[in-house]
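The values are calculated or read from the model by the stated rules, or taken from the named source; none is laboratory data. Being a predicted model, the structure only gives us computed values, none of them experimental. With ideal geometry, Cβ positions are generated from the backbone for all residues, glycine too; neighbour counts draw on all protein chains shown. For the accessible areas, the whole protein counts, side chains as well, though only heavy atoms, and no ligand, DNA or RNA atoms are used. Shrake-Rupley method; radii C 1.70, N 1.55, O 1.52, S 1.80 Å.
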Amino acid sequence: MRNFLVAGLIQNETIVKVDSIPLDYVAVSNVPHSIFSGIGGAAYNEALALSALGNKVDFLTMIGENDKKSMVNPPESEVILNTDFILPVLDTLPSSVVLYDKERNQQRFKDRKNASSAVYPLEIFEERARLADMVVLTNAAFCKNFLNTAKKMNKKIAVNFREYREETMDFNGAFMEEADIIYISDSHIVDASDSFIQSLSKKYDPEIIIMGQGAKGLIIYSKQNDILAHYNTVKTNKVVNTVGAGNA
């Protein structure tokens, strides 16, 4: 068992399964079992996954002042998250609508409310980070304040960027520079995936880069092993609850 600190936003999330993106206009689409609602976000997914693997997870996030912490542990939950570090400091919880198609392409609509200007107490992060083997962050605005502290503590830092866009690098560059492990998707990447990962590794020198490619699988780069490997998507007939598949 390892100790992880996971930090990022959670959100009310509605996920809609569609045939293809972009959508053709249809006034009403009546498709059974195509709309899922619940709590979601990249940090939430990561906290659940790491807990399910038997690790101890401190989950640092913020909810609305009228929300209940128990929302992260709905009655059907098989994994129960520690809610000690979920703070009710937002005006209201962010919201997101995610369209996804058969090729696992996604289109997202986000309303972050006042989360972009909210601040999470650094002293709580410092206290929990001292006990962590790794700090796992999203690139949410409040997580940027944690980078220098985590680095001074010599903590390994993993960052989920979701998308790479040149126009966001004034903000995201600081995360890239400090991250030991980078996760991105191939959305909006014009260059060939392999060459893009190689250029990213030269510029920021992370230990590991993981690039999600939707239905195509993913690519993993490892500096230590000097590998750049592609892994195909695993096909399964198992029904998976897709609520929480989005990122914040």
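The mean of 1/r over all distinct Cα pairs in the stretch 98-223, once inverted, gives the Kirkwood hydrodynamic radius of 15.8 Å. Sparsely packed loop sites in the stretch 1-109 (the GluC sites (Glu not before Pro) outside DSSP H, G, I, E and B with at most 10 other Cβ atoms within 10 Å) comprise 76, 78. Each residue was assigned an accessible area with a 1.4 Å probe, and for residue 108 the value is about 50 Å². In the complete set of protein chains, residue-level accessible area for residue 223 is approximately 90 Å², probe 1.4 angstrom. Size descriptors for the stretch 129-182, from the alpha-carbon set: Rg then Dmax equal 10.8, 35 Å. Spatial offset of the stretch 1-63 relative to the stretch 105-155 amounts to 18 Å, using the alpha carbon center of each. Note that the chain, at 4 °C in a medium of 1.567 mPa s, gets a Stokes-Einstein diffusion coefficient of 68 µm²/s from its Kirkwood radius over C-alpha pairs. When the listed pairs 156/223; 56/155; 69/156; 110/155; 152/223 are checked against a 19 Å cut-off, the alpha-carbon distance exceeds it for 69/156; 110/155; 152/223.
Of 170, 58, the order by accessible heavy-atom surface (1.4 Å probe, DNA, RNA and ligands excluded), from most exposed downward, is 170, 58.
Just by accessible area at a 1.4 angstrom probe, what is the order of 26, 57 from largest to smallest? List each step's numbers first, then the result.
Working: 26 90, 57 15 Å².
Largest to smallest exposure gives the sequence 26, 57.
Taken one residue at a time, the phi angles of the stretch 6-16 give Karplus couplings (6.51, -1.76, 1.60, θ = phi - 60°) of 10, 9, x, 7, 10, 7, 6, 10, 10, 10, 10 Hz. Gly and Pro are set to x. Dividing the summed -39500 (n - 2.57) terms of all DSSP H runs of n ≥ 4 by the residue count of the chain sets its mean residue ellipticity at 222 nm at -5500 deg cm²/dmol. Highest GNM mean-square fluctuation, the chain, Cα pairs closer than 10 Å: which of 11, 106, 198? Highest fluctuation of the listed residues: 198. Among 136, 190, 98, the largest mean-square fluctuation in a Gaussian network model of the chain, built with springs joining Cα atoms closer than 10 Å, belongs to 190. Applying the Karplus relation 6.51 cos²θ - 1.76 cosθ + 1.60 with θ = phi - 60° to the stretch 63-70 yields 3J(HN,Hα) values of 10, x, 5, 9, 8, 9, 4, 5 Hz, where x marks Gly and Pro.
When +1 charges are put on Lys and Arg Cβ atoms and -1 charges on Asp and Glu Cβ atoms, the dipole computed for the chain relative to its Cα centre reaches about 360 debye.
Could you please put 104, 165 in sequence from largest to smallest accessible area, using a 1.4 Å probe?
On the way: 104 130, 165 80 Å².
Correct descending sequence by accessible area is 104, 165.
Note on the stretch 1-132: Kirkwood radius taken over Cα pairs, Stokes-Einstein applied at 4 °C and 1.567 mPa s, translational D equal to 79 µm² s⁻¹.
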